[in-house]
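So the structure is just underneath, and the comments pick up after that.
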């Protein structure tokens, strides 16, 4: 910025240059506030995780014990290519493979029917806590009771409620999206006991037999 100085004689006027200087001192405080804000936000954010039970790899277990569950509670979901999905209940060598689909009228309907008893208790639990004040204590109580229901630990009249164990198997040609969709169904249907198991030649044989009409 320039300022015009006027002497006694206008013909001898001179221009005096002034140095433009910006004071960045207040910006230091602003930067420190932003750094503190982002540090606090990063600390408070909790990652969204999903608990997945995997087959045991202990050497002292036999192959038929690694994913052993009660036959009456077991349901196996098989994911294949081209969005194909199948399921069967009980032991594989005695079961009938049934094709289904994704969504409300597909595998979700099957899982909800299998987990009907637990779903009744989940709805009752939601109704019970809908009238309570929401705080850290009630949240912890609700999550603990919900976990007990999902995992079949809740007892009614001295007997534990019946909950299914879902065994999820995905072929090499299945998409990652389809696997995530099935895992989402576990949360929607309030199923706490589920594992991701290996896709075997026997599973492929069941699919091939179904496609072949055998």
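Of all the criteria given as (1) within 26 Å of the chain's Cα centre (by Cα); (2) at pLDDT 90 or above, the one not satisfied by residue 73 is (2). Please find, within segment 93-127, the residue that is farthest from the chain's Cα centre (by Cα) out of those that are surrounded by 11 or more Cβ atoms within 10 Å (Cβ to Cβ) and at pLDDT below 90. By that ranking, first place goes to 95. Only a single item in (1) touching a helix residue (DSSP H, G or I) at 6+ places or on another chain (Cβ under 6 Å); (2) at pLDDT 90 or above is not met by residue 154, and it is number (2). Kindly establish whether residue 165 is surrounded by 16 or more Cβ atoms within 10 Å (Cβ to Cβ) and closer than 16 Å to residue 78 by Cα. Criteria met by residue 165.
Yes/no per residue for (1) over 30 Å from residue 84 (Cα atoms); (2) out of contact with any strand residue (DSSP E or B) (no Cβ under 6 Å at 6 or more places or on another chain):
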{"residue": "112", "(1), (2)": "no, yes"}
{"residue": "118", "(1), (2)": "no, yes"}
{"residue": "131", "(1), (2)": "yes, yes"}
{"residue": "141", "(1), (2)": "yes, yes"}
{"residue": "156", "(1), (2)": "yes, yes"}
{"residue": "161", "(1), (2)": "yes, yes"}
{"residue": "170", "(1), (2)": "no, no"}
{"residue": "178", "(1), (2)": "no, no"}
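Being exposed (fewer than 12 other Cβ atoms within 10 Å of the Cβ), without any contact (Cβ under 8 Å) to a residue 12 or more places away in the chain, farther than 19 Å from residue 90 by Cβ and more than 18 Å from the chain's Cα centre (by Cα): is that true of residue 138 here? Against the criterion (exposed (fewer than 12 other Cβ atoms within 10 Å of the Cβ), without any contact (Cβ under 8 Å) to a residue 12 or more places away in the chain, farther than 19 Å from residue 90 by Cβ and more than 18 Å from the chain's Cα centre (by Cα)), residue 138 does not qualify.
The values are calculated or read from the model by the stated rules, or taken from the named source; none is laboratory data. What you see is a predicted model; the values in this text were computed from it and never measured. We place every Cβ from the backbone using ideal geometry, glycine too, and count neighbours over all the protein chains shown.
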